[in-house]
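Down below is the structure, laid out as structure tokens.
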Amino acid sequence: MQNKFVLITGSTDGIGKETAKEFAKKSYNVIIHGRDSERVENTKQEIIEISKNKNIFSVTADFASFKEIVKMAEELNSKFRKIDLLYNNAALFSHERILTENQNELTFQVNHLAMHLLTLKLENLLKNSGEARVINVSSMIHASSIDFENLQGEKNYIGNSAYALSKLCNIMFTNKLADIYTDFPITANSLHPGVIKTKLLNAAWTGGGLLSEGANNMIYAGTSEVIKNVSGLYLENGRPMQSNPISYNKEFQNILWEKSNNLLSEFL
């Protein structure tokens, strides 16, 4: 695995960090990401020490800023020849409706638009892999409906609803990518990593399982030979499951894609 490069966004804590540790132990080249440079560096050194793997790299970007995402993508494109596994894992939960510097609702931007922008900016690195996998982290509580006039809480904002909507958008984005990448050696799948005790979970809910459980589900999506050439799956506990029916609606996928691209047009 020495020649495999894996990028995990949001990997300075929680499931992302645990997944990074496990890939490092398996001798992958691991690129960790966070929004705070000091935490990113500390995490990098911790993983090197634990895994004895020196091929740990880092990038920093606050996903509430499209400029920072673009800068991060430019750095990755200049430093690396390929990315074999892209885990779009970074996410947040907000009880309040907050606008970013780009004038988007925070949850929608960080959880969905950032994933959309970063993935498109890294397409050349993914294509260079020859067998890349894009794994988008969603949730079993993803929404069952979508109101395109209230994507960013314009009508009303409820934290749980905004989070669930962003997770539905992750699956719809994944399914659209699966169609787009049909002619390329890239697969795109989404997953629910499990109800895991993390900072994000505790922001709105209680309980949760071990980080190792979530990491195992993440690693399965990136390494299983069973789904090596399969795209457009939604995984729970290492098994393909049916996400909410609306996530398969191609018309809605196209509307979300177009609206997202319009919001990102200055940075694509």
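Values quoted throughout were computed directly from the atomic coordinates according to the rules given, and no laboratory measurement underlies them. None of these values were measured; they are calculated from a predicted model. Here the Cβ is made from the backbone with ideal geometry for all residues, glycine too, and neighbour counts use every protein chain on show.
Pull up the stretch 1-22, narrow it to residues that are more than 19 Å from MET115 (Cβ to Cβ) and in contact with a helix residue (DSSP H, G or I) (Cβ under 7 Å, 6 or more places away or on another chain), then point me to the one that is surrounded by the fewest Cβ atoms within 10 Å (Cβ to Cβ).
Residue satisfying both the conditions and the ranking: GLU22.
If you check every pair at least six apart or on different chains, which have Cβ atoms under 7 Å apart with a residue in the stretch 229-252 that is farther than 18 Å from THR187 by Cα and in contact (Cβ under 8 Å) with a residue 40 or more places away in the chain first and a residue that is β-branched (Val, Ile, Thr) and surrounded by 12 or more Cβ atoms within 10 Å (Cβ to Cβ) second?
So the pair list comes out as ILE246/ILE146; PHE252/ILE146; PHE252/ILE246.
Among the residues of the stretch 59-72, is any closer than 21 Å to ARG133 by Cα and either without any contact (Cβ under 8 Å) to a residue 60 or more places away in the chain or surrounded by fewer than 18 Cβ atoms within 10 Å (Cβ to Cβ) (or both)?
Yes - at least one qualifying residue is present in the stretch 59-72.
Can you tell me which residues in the stretch 76-104 are surrounded by fewer than 14 Cβ atoms within 10 Å (Cβ to Cβ) and either in a strand (DSSP E or B) or under 19 Å from the mean Cα position of the chain (by Cα) (or both)?
Within the stretch 76-104, LEU99 is the sole residue that qualifies.
Is it true that ILE171 is under 20 Å from GLY214 (Cβ atoms), of a type outside the set (S, T, N, Q) and in contact (Cβ under 8 Å) with a residue 60 or more places away in the chain? Quick ask: steps written out before the conclusion?
Details: under 20 Å from GLY214 (Cβ atoms): yes; of a type outside the set (S, T, N, Q): yes; in contact (Cβ under 8 Å) with a residue 60 or more places away in the chain: yes.
For ILE171, the condition - under 20 Å from GLY214 (Cβ atoms), of a type outside the set (S, T, N, Q) and in contact (Cβ under 8 Å) with a residue 60 or more places away in the chain - is met.
Looking at GLY130, GLY159, GLY153 in this structure, which one is out of contact with any strand residue (DSSP E or B) (no Cβ under 8 Å at 6 or more places or on another chain), of a type outside the set (Val, Ile, Thr), touching a residue at least 12 places away in the same chain (Cβ under 8 Å) and at positive phi? Before you say what the answer is, go through the steps one by one.
Values: GLY159 fails: at positive phi; GLY153 fails: out of contact with any strand residue (DSSP E or B) (no Cβ under 8 Å at 6 or more places or on another chain).
The unique qualifying residue is GLY130.
Across the stretch 124-166, what is the number of residues that are closer than 26 Å to ASN216 by Cα and acidic (Asp, Glu)?
Within the stretch 124-166, residues that are closer than 26 Å to ASN216 by Cα and acidic (Asp, Glu) number 1.
Going by the conditions given, is ALA143 out of contact with any Asp or Glu (no Cβ under 9 Å at 6 or more places or on another chain), of a type in the set (A, V, I, L, M), closer than 28 Å to GLY214 by Cα and not in a helix (DSSP H, G or I)?
Details: out of contact with any Asp or Glu (no Cβ under 9 Å at 6 or more places or on another chain): yes; of a type in the set (A, V, I, L, M): yes; closer than 28 Å to GLY214 by Cα: yes; not in a helix (DSSP H, G or I): yes.
Yes.
Given the conditions (1) within 19 Å of the chain's Cα centre (by Cα); (2) assigned to a helix (DSSP H, G or I); (3) hydrophobic (A, V, I, L, M, F, W, C), report the number of the one that ILE50 does not fulfil.
(1)
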